[in-house]
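As structure tokens, the structure follows; a few thoughts come after it.
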């Protein structure tokens, strides 16, 4: 499981230096190939390739004409690129995604269980300022969390 938060840096060439704890877990468990994408352009998601392929298999089970499938596929493919963590632990983030998400320089790398979320620090801090609603707390309680 990918959990926790680390600060990292995206260099002038658009490469993220993956925090070593996350890198070790991803490479040991899944290998160095990943799919880097976003569902809404506000942050980048880094999926280990086997995890992403499982998402694609679930999508393939939906009718190809389902509006949610088409919309999701449009977003993740527009922002998405297959990438590989290099020997120095760097990962290229596609320019279109870097620009949309406002990620450059110092960023927050958040473990989201099965993938990593890469955030512009100010955007993530603003997101954290919104407290959980009663409905959200009830949904978590219903799930046993």
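Values as computed for the structure displayed
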quantity	calculated
Residue that is surrounded by the fewest Cβ atoms within 10 Å (Cβ to Cβ) [pool: residues in segment 82-100 that are within 20 Å of residue 32 (Cβ to Cβ) and in contact with a helix residue (DSSP H, G or I) (Cβ under 8 Å, 6 or more places away or on another chain)]	82
Within segment 123-145, tally of residues that are under 17 Å from the mean Cα position of the chain (by Cα) and either surrounded by 12 or more Cβ atoms within 10 Å (Cβ to Cβ) or under 21 Å from residue 15 (Cβ atoms) (or both)	2
Condition check for residue 64: touching a helix residue (DSSP H, G or I) at 6+ places or on another chain (Cβ under 8 Å), at pLDDT below 95 and farther than 16 Å from residue 6 by Cβ	yes
Only one of 31, 14 that is at positive phi and loosely packed, with under 15 Cβ neighbours inside 10 Å	31
When residues of segment 101-122 are limited to those that are part of a helix (DSSP H, G or I) and touching a strand residue (DSSP E or B) at 6+ places or on another chain (Cβ under 9 Å), the one surrounded by the fewest Cβ atoms within 10 Å (Cβ to Cβ)	121
Check on residue 111, free of Cβ contacts under 8 Å to residues at least 24 places away in the same chain and within 23 Å of residue 21 (Cβ to Cβ)	no
Evaluation of residue 145 against (1) in a loop (DSSP other than H, G, I, E, B); (2) within 13 Å of residue 36 (Cα to Cα) (one fails), failing number	(2)
Wholly enclosed helices (runs of 4 or more DSSP H) of segment 4-96 bearing at least 2 residues under 16 Å from residue 118 (Cα atoms) and touching a strand residue (DSSP E or B) at 6+ places or on another chain (Cβ under 8 Å)	20-30, 67-79
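The values are calculated or read from the model by the stated rules, or taken from the named source; none is laboratory data. Keep in mind that this is a model prediction, so the values were computed, not measured. Backbone-built Cβ (ideal geometry, glycine too); neighbour counts: all protein chains shown.
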